[in-house]
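A short worksheet on the structure shown next.
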Amino acid sequence: MSKAQDPFYIVKEEIQESIDKLQSSFHQWERILPDTGEQVHLTKELLANCESIEWQVDELNKTIDVAARDPSWYGIDDRELESRRRWTTTARTQVGDVKKSVVARKENGNSTSAMRRELMKLPISHQSDRSYQYGAEDNDDFIASESDRQMLLIKQQDEELDELSASVERIGGVGLTIHEELLAQVSV
């Protein structure tokens, strides 16, 4: 079976595209200021993508284990099996590195964020009534702009979920194809 027809390489390509997107998002995430709405959203997205890719790599690794039981049956040799295992190990390491960085920054950011929230609760005794009025108007403007920003984020999340859903469906289809091919080869 050629590499173009081998389901492993089809799935590998899909996973590699997901890893490339993950790393691109990660580099964007690194440039965002901590404790902003965008950073919180991207943190959740990165962690969810890490989990998804880890699951995909685990599933691909299971197919390698199945093929390793009788490599000649699947038309591959030990060198090819080792190459496939190396790729899954590398993929898992790439995703793990991103996940560790995100989790570490998330945990460090939480203490800073909690301290900042606590300081915001302190009364500001030197404010006059007039400055309070301007502050209230500024708050209304801020709330309106935040509402608009959140609606935009929700729209972006919906689009990203649609993309994720399509990707999961494709991978599921490839998984079913692999399963059917394995069953066909077993019954032959």
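The values are calculated or read from the model by the stated rules, or taken from the named source; none is laboratory data. This is a predicted model, so every value here is computed, not measured. Neighbour counts are summed over all protein chains in view; Cβ atoms, including those assigned to glycine, are modelled from backbone coordinates with ideal geometry. Heads up: the accessible areas ignore ligands, DNA and RNA and are worked out on the full protein's heavy atoms, side chains in. Shrake-Rupley method; radii C 1.70, N 1.55, O 1.52, S 1.80 Å.
Assorted remarks:
- With all protein chains modelled, accessible area of Asp6 [1.4 Å, Å²]: 20 Å²
- Restricting the trypsin sites (Lys or Arg not before Pro) of the stretch 1-79 to loop positions (DSSP other than H, G, I, E, B) with no more than 13 neighbouring Cβ atoms within 10 Å leaves Lys3.
- Cross-link pairs beyond the 23 Å C-alpha cut-off, checked among Lys21/Lys99; Lys12/Lys99; Lys21/Lys155; Lys12/Lys155; Lys12/Lys106: Lys12/Lys155; Lys12/Lys106
- The largest accessible area among Phe142, Phe8 belongs to the first residue in Phe142, Phe8, and the rest follow in falling order (1.4 Å probe, all chains).
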